[in-house]
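Student: Can you read through this structure? Questions will come right after.
The values are calculated or read from the model by the stated rules, or taken from the named source; none is laboratory data. Just so we're clear, the structure is a prediction, and the values are computed from it rather than from any experiment. Here the Cβ is made from the backbone with ideal geometry for all residues, glycine too, and neighbour counts use every protein chain on show. Protein only, heavy atoms only, side chains kept; ligands, DNA and RNA dropped before computing areas. Shrake-Rupley method; radii C 1.70, N 1.55, O 1.52, S 1.80 Å.
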Amino acid sequence: QAAPTLRRWNIALAILHAAQGVAILLLSNGFTLGVTIPYMVGPPGSPILGTEPVWQVPLATFIAIFLFLAALDHLLCALPGIDRWYIANLGRGTNPLRWWEYSVSASLMIVLIGLISSVDQLTALIAIFGANVGMILFGLAMEQRNPAGTQKVDWRPFIYGCVVGAFPWIAIGLVLVRAQVDAGVPVAIWAIYISLFVLFFTFALNMWLHYARKGRWAGIVLYEKTYLVLSLVAKSLLAWQIFAS
């Protein structure tokens, strides 16, 4: 019974994400931020070189990429044939497509948050991306480790994912605090950091509610619909906050 409803939801979300991606590209003014690869010449303690940008990141392009990735994910979930696989997986308590998409789109999002917060070292951004990928894959492991009908929940993947996922936010937060103390940080940047941190936390909260068997969250349909809504809200909020700022 839930299959037609979820199909309609996925079609609608695919359209909404894709439309926003196109709008961002059309409205973009080509703004870029540079990334660097600092290096040291000589023994430890030598001067740091390489602080000039090696690449200018087009923000609008990467915002559109994570929006289009979400659109593709939702479109695939609604396509004939794949939709049966999607529903069958939900019946087993998991949605691999969701996590595969998040592993790239959500990791791009956290990298963009880092970049606009002045984390401009490419090595640091790669590490932030990788840590977020690890967090997302622990989410997939949580679902696969605890299929539908599991009596005793194994919380270890959830806990490990929370630990790994905290480090990118700590790293970006340290940069923002240092900048705030020395020179001040625009309110818009703090708004992006705090609002997206709260939204990322609600993804974990949704998983906890489901596996803790809290009311209607014990069912797979509300669990899945909540992820669909959170994905749209988080990606839309980040996209337009960066665009506006």
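Student: Search segment 13-25 for residues being aliphatic (A, V, I, L, M) and touching a residue at least 60 places away in the same chain (Cβ under 8 Å), and hand back the single one that is farthest from L232 (Cα to Cα).
Tutor: Ranking the qualifying residues of segment 13-25, first place goes to I24.
Student: Let me ask you something else. Note down all Cβ pairs under 6 Å where the first residue falls in segment 73-100 and is farther than 10 Å from R7 by Cα, the second is small (G, A, S) and open to solvent by less than 20 Å² (accessible area, probe 1.4 Å), and they're at least six residues apart or on different chains.
Tutor: W99/G139
Student: Give me the residue from segment 28-49 that is of a type in the set (A, V, I, L, M) and assigned to a loop (DSSP other than H, G, I, E, B) and, out of that set, farthest from A239 (Cα to Cα).
Tutor: Applying the first criterion (of a type in the set (A, V, I, L, M)) to segment 28-49 yields 33, 35, 37, 40-41, 48-49.
Still in the running and assigned to a loop (DSSP other than H, G, I, E, B): 37, 41.
Details: I37: 26, V41: 39 Å.
Looking at the filtered set, the residue picked out is V41.
Student: Among the listed residues A2, A18, A23, which satisfies the condition of being among the small types (G, A, S), open to solvent by less than 40 Å² (accessible area, probe 1.4 Å) and closer than 14 Å to F243 by Cα?
Tutor: Testing whether each residue is among the small types (G, A, S), open to solvent by less than 40 Å² (accessible area, probe 1.4 Å) and closer than 14 Å to F243 by Cα leaves just A23.
Student: Condition test on W85, is it among the aromatic types (F, W, Y) and open to solvent by 60 Å² or more (accessible area, probe 1.4 Å)?
Tutor: So W85 passes the test.
Student: Let me ask something else. Against the conditions (1) within 23 Å of L90 (Cα to Cα); (2) over 22 Å from the mean Cα position of the chain (by Cα), where does P47 fall short? Just the number, please.
Tutor: Status for P47: all satisfied but (1).
Student: Sticking with this structure for a sec: Run V119 past the list (1) under 20 Å from I172 (Cα atoms); (2) outside any helix (DSSP H, G or I); (3) out of contact with any strand residue (DSSP E or B) (no Cβ under 8 Å at 6 or more places or on another chain); (4) open to solvent by 60 Å² or more (accessible area, probe 1.4 Å) and report the number of the one that doesn't hold.
Tutor: All conditions pass for V119, except number (4).
Student: Out of the residues in segment 98-117 meeting the condition of being more than 8 Å from the chain's Cα centre (by Cα) and among the small types (G, A, S), tell me which one is nearest to F62 (Cα to Cα).
Tutor: Per the criteria, the residue is G114.
Student: Please pick out the residue among R98, R145 that is touching an Asp or Glu at 6+ places or on another chain (Cβ under 6 Å), modelled with pLDDT of 95 or more and either surrounded by 20 or more Cβ atoms within 10 Å (Cβ to Cβ) or basic (K, R) (or both).
Tutor: After applying the criteria, what remains is R145.
Student: What are the pairs, 6+ residues apart or on separate chains, where a residue within segment 172-196 that is in contact (Cβ under 8 Å) with a residue 40 or more places away in the chain and within 16 Å of V111 (Cβ to Cβ) has its Cβ under 8 Å from a residue that is in a helix (DSSP H, G or I) and hydroxyl-bearing (S, T, Y)?
Tutor: I172/Y193; L176/Y193
Student: If you don't mind, another one. More than 19 Å from W99 (Cα to Cα), at pLDDT 95 or above and part of a helix (DSSP H, G or I): does that describe A23?
Tutor: yes
Student: Here's a follow-up. Among the charged types (D, E, K, R), closer than 17 Å to R8 by Cβ and at pLDDT 95 or above: does that describe D83?
Tutor: Answer is no for this residue.
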